[in-house]
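Read the structure below first, then the notes.
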Amino acid sequence: MTNAPESSSTSLPVVGPPAHLDSGVSSSSVLLELRGITKSFGAVQALKHVDLEVPAGQVTALIGDNGAGKSTLIKAIAGIYAPTSGQILWNGEEVHVHSPREAEQLGIATVYQDLALCDNLDVVQNMFLGHEETRYHQLDEISMELAAKKVLADLSVTTVKSVRQKVASLSGGQRQSIAVAKAVMRDSKLVILDEPTAALGVSQTAQVLGLIHTLASRGIAVLLISHNLADVFVVADRVAVMYLGNLVSSGPISDYDTASAVDWITTGASTRGASTMAPAS
Amino acid sequence: MSSSPEINDVDSLVPHESPWQEVWAQLKGLRRGDSGMVPIVIGIVVLVAYFQIRNSLFLSAGNLVNLFVQATTFVLLGMAEIWLLLLGDIDLSVGYVSVLGGATAVILGDGQFHWPWFLTVLMAILVTTAIGALHGAITILLRVPSFIVTLAGLLAWEGVLIYVVDAQGTGGTISDSSEKVLYDLVNTNMSTLWTIIVLAASVIASSLVLLLRDRARRRNGLTVLPFVITGLKIAAMVIAGGILVSIFNTNRGVTFAGHQVTLEGMPWAILVDIVMLAGGTAFLSRTKAGRYLYAIGGNAEAARRAGVSVNRHRLLAFMLTGFTTGIAGLLYISRQGGVSDNVDSTLVLYAVAAAVIGGTSLFGGRGKIIHALIGGLIVAIIYNGMGLLSITASAEYIAIAVVLLAAVTVDSLARRGSEVSR
Ligand SMILES: Nc1ncnc2c1ncn2[C@@H]1O[C@H](COP(=O)(O)OP(=O)(O)OP(=O)(O)O)[C@@H](O)[C@H]1O
Ligand SMILES: [Mg+2]
């Protein structure tokens, strides 16, 4: 068993309420709690008894190597995969999320790295896709445009010149900003971002990270998947590390440094870092 | 631009430019092929000038009305194609399906059945819509490319058409002359007064749509195109309407066997096209379903994740194609004076040509119903002009092929341009 900075069980079933393991969350309210989430694809066990708490108003970074199970975990939250076993608690109550629509109704919005926007539609049309406002059964372009502008202004997205320009003409960072804005404009309480900065340059990354920070400061829970530890240390309040389907470590960002994070990611254990607690194993 | 203070704040996102800068941006946009009207207008002028120089009858009222009537079928078939082209799909069977629909109407209205005209028309459209639904269901359920399914359809429906027509025992052709309303669609005209009323109403309605939209946007503090642009558009529509009225209301009659025959007014078939243009445009630009057709054509996975039921809307597009094909078929058989088992196999190519020449993309996500009107008109100009010059069918095919190829090239360059610019 490992216990630094905070451990959760790797292969053994959890004994006792897992919330106790994650004492760092207590300062703010836990919005989403996963208890013992397991997901098998046939013989492949992609998630092994994952416990995780995602507090409101904070950025939780989910890190781990390729194939660790990060995307599978967020898909279980977003209603794309049904977990094989385990519980999802939303504001302390158990919920069952069967479809992306149901996740959205709860207030969970997912921003995918790609495949999220229609290039041939403009910014407003993309932001309202699937949620168009109508008046007398006709699209209400004016109220949608006003609302889109307001959301972008609220999020300080100022680089988009016109909300009536086609998304195809936007830069990668602008596109990502639009995707994030689209997610938050529907009153989302949890925004999940899967590698939002993977394809971006320096200034555009900064733009998106700033946006993530803005979301958290508004009380929204953010779950951020990233392979870029520099980004994680800039923007995250909490870190959760996955290793081969296990959630091996989680805690406030202050408990980690780059070296210990790399250890956790590559070996599923760490003896170094800001936390002095050595693994028990 | 005046706007209330709190809206002004939001509006500051968009830098204000002088009207002329915006006019310039518009013109540049035109050149980028986004709504490449400029090359199209130039193309029309060149074609018309060529045919007029070669034969001074080309621009006579009689020939122009004939050209418009010929265009009605190409336009409707082009519209039928656009529903699917928007999704990146295609229907290769519209030619035979349209005639099969027409044959349904002719057979039910004639001979042993004697159905009233509105039931035969309804039945024809039901048949073609059902065929569209069948193509759609097969494409979606079997996950086969639509061009394969409709290529099979092209063969199968030709077979069905020949079988149905020959089964009537009238030697491979059925005349529609006994069905008055169907026959009249193309072959009779509305009165000169109604011609003026219909065209004026069309121009006024489209102008009002533009003006009201601008006014609503201005009231809400949103950016509005400079009035010059809207004014120019309205002026163009008024001029076009005026020219059309003068063409249609010229007496195209001839002195026949010693007495004067009056022939004036707009053929009813053109009203059908106007209604379909208005309806199709409103559907695509004003309804959720229309928006979703664009979204699916642009990025089906993004649409799916946004909660759009992709399969349902694809099926809808196939059915709209079938529906529009049916109406095209009614006009086609009306113009032909009936149905024959020997159908012009180039109809489907003209349909795709009309849509693509007008500016609709073969790659999905980009297109408008009005493209079929423009493209159909160009196809009809070539078709009519070459007929007038007694140029052989072989040359006509080659000419339309060249224009189609040019349009497809523009389309694919525009697409590549938009990919590079990212
Ligand atoms: N649909 C599936 N069917 C079978 N196995 C799957 C499926 N989806 C994921 N897996 C497996 O589950 C494991 C975790 O995959 P996942 O995509 O969650 O990794 P990840 O942490 O997101 O990796 P990356 O950083 O590369 O995106 C992998 O071994 C993968 O092969
Ligand atoms: Mg992944």
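Among the residues of segment A:41-51 satisfying the criterion of being touching a residue at least 24 places away in the same chain (Cβ under 8 Å) and near ligand 1 (Cβ under 9 Å from one of its atoms), which is farthest from the chain's Cα centre (by Cα)?
That would be A:Gln45.
Run A:Ala216 past the list (1) at pLDDT below 90; (2) more than 16 Å from ligand 2 (Cβ to nearest atom); (3) of a type in the set (A, V, I, L, M) and report the number of the one that doesn't hold.
Among (1) at pLDDT below 90; (2) more than 16 Å from ligand 2 (Cβ to nearest atom); (3) of a type in the set (A, V, I, L, M), the lone unmet condition for A:Ala216 is (1).
Of the residues that make up segment A:13-29, is at least one open to solvent by less than 40 Å² (accessible area, probe 1.4 Å), modelled with pLDDT of 90 or more and aliphatic (A, V, I, L, M)?
No, the conditions are met nowhere in segment A:13-29.
Enumerate the pairs (first residue in segment B:373-394 and hydrophobic (A, V, I, L, M, F, W, C); second residue anywhere and at pLDDT below 90 and outside any helix (DSSP H, G or I)) with beta-carbon separation below 8 Å, excluding pairs fewer than 6 apart on the same chain, so at least 6 apart or on different chains.
Pairs that qualify, where the first residue is hydrophobic (A, V, I, L, M, F, W, C) and the partner is at pLDDT below 90 and outside any helix (DSSP H, G or I), are B:Ile374/B:Gly359.
Any idea how many residues of segment A:148-198 are hydrophobic (A, V, I, L, M, F, W, C), under 26 Å from A:Trp90 (Cβ atoms) and more than 16 Å from ligand 1 (Cβ to nearest atom)?
Residues meeting the conditions: 10.
Which one of the conditions (1) within 15 Å of ligand 1 (Cβ to nearest atom); (2) surrounded by fewer than 21 Cβ atoms within 10 Å (Cβ to Cβ) does A:Ala78 fail to meet, given that it meets all the rest?
Failing condition for A:Ala78: (2).
When you look at B:Met319, is it in contact with a Ser or Thr (Cβ under 7 Å, 6 or more places away or on another chain), under 18 Å from B:Gly367 (Cβ atoms) and of a type outside the set (Phe, Trp, Tyr), yes or no?
When the stated conditions are applied, B:Met319 passes them.
Quick check on my filter: what residues within segment B:247-261 are of a type in the set (S, T, N, Q) and closer than 12 Å to B:Gly62 by Cα?
Filtering segment B:247-261 for residues of a type in the set (S, T, N, Q) gives B:249-251, B:255, B:260.
Listed by number, the residues that qualify are B:Asn249, B:Thr250, B:Asn251.
Among the residues of segment A:197-241, write down those that are among the polar types (S, T, N, Q), open to solvent by 50 Å² or more (accessible area, probe 1.4 Å) and touching a residue at least 40 places away in the same chain (Cβ under 8 Å).
Matches in segment A:197-241: A:Gln207, A:Ser217.
When the residues of segment B:15-53 are filtered to those that are modelled with pLDDT of 90 or more and surrounded by fewer than 13 Cβ atoms within 10 Å (Cβ to Cβ), which remaining residue is nearest to B:Pro226 (Cα to Cα)?
Among those that are modelled with pLDDT of 90 or more and surrounded by fewer than 13 Cβ atoms within 10 Å (Cβ to Cβ), it is B:Val45.
Against the conditions (1) surrounded by 15 or more Cβ atoms within 10 Å (Cβ to Cβ); (2) of a type in the set (Phe, Trp, Tyr); (3) outside the structural domain of B:Leu86 (by TED's automatic domain parsing), where does B:Phe318 fall short? Just the number, please.
(3)
Go through segment A:170-193 and give me each residue that's within 12 Å of chain B (Cβ to nearest Cβ), open to solvent by 20 Å² or more (accessible area, probe 1.4 Å) and either modelled with pLDDT of 85 or more or assigned to a strand (DSSP E or B) (or both).
Matches in segment A:170-193: A:Gln174, A:Arg175, A:Lys182.
Against the conditions (1) under 20 Å from A:Leu223 (Cα atoms); (2) surrounded by 22 or more Cβ atoms within 10 Å (Cβ to Cβ), where does A:Val167 fall short? Just the number, please.
So the condition that A:Val167 fails would be (1).
Any idea which of (1) without any contact (Cβ under 8 Å) to a residue 24 or more places away in the chain; (2) open to solvent by 30 Å² or more (accessible area, probe 1.4 Å) is the one A:Val97 doesn't satisfy?
(2)
Are any of the residues in segment B:44-61 among the hydrophobic types (A, V, I, L, M, F, W, C) and in contact with a strand residue (DSSP E or B) (Cβ under 8 Å, 6 or more places away or on another chain)?
No: zero hits.
Out of A:Glu132, A:Glu104, A:Glu93, I need the residue that is over 30 Å from B:Arg286 (Cβ atoms) and either more than 16 Å from ligand 2 (Cβ to nearest atom) or within 14 Å of another protein chain (Cβ to nearest Cβ) (or both). Which one?
Step by step, each of A:Glu132, A:Glu104, A:Glu93 is checked, and only A:Glu93 is over 30 Å from B:Arg286 (Cβ atoms) and either more than 16 Å from ligand 2 (Cβ to nearest atom) or within 14 Å of another protein chain (Cβ to nearest Cβ) (or both).
Can you name every residue in segment A:135-152 that is more than 8 Å from chain B (Cβ to nearest Cβ), open to solvent by less than 10 Å² (accessible area, probe 1.4 Å) and farther than 17 Å from B:Arg286 by Cα?
Of everything in segment A:135-152, just one residue is more than 8 Å from chain B (Cβ to nearest Cβ), open to solvent by less than 10 Å² (accessible area, probe 1.4 Å) and farther than 17 Å from B:Arg286 by Cα, namely A:Ala148.
Got at least one residue in segment A:52-68 being more than 16 Å from ligand 2 (Cβ to nearest atom) and either free of Cβ contacts under 8 Å to residues at least 12 places away in the same chain or of a type in the set (D, E, K, R) (or both)?
Looking through segment A:52-68, at least one residue is more than 16 Å from ligand 2 (Cβ to nearest atom) and either free of Cβ contacts under 8 Å to residues at least 12 places away in the same chain or of a type in the set (D, E, K, R) (or both).
The values are calculated or read from the model by the stated rules, or taken from the named source; none is laboratory data. Remember, it's a predicted structure, so these values are computed and weren't measured experimentally. Neighbour counts run over all protein chains shown; Cβ positions are idealised from the backbone, glycine included. Just so you know, the surface numbers come from the protein's heavy atoms only, side chains and all, with ligands and any DNA or RNA stripped out. Shrake-Rupley method; radii C 1.70, N 1.55, O 1.52, S 1.80 Å.
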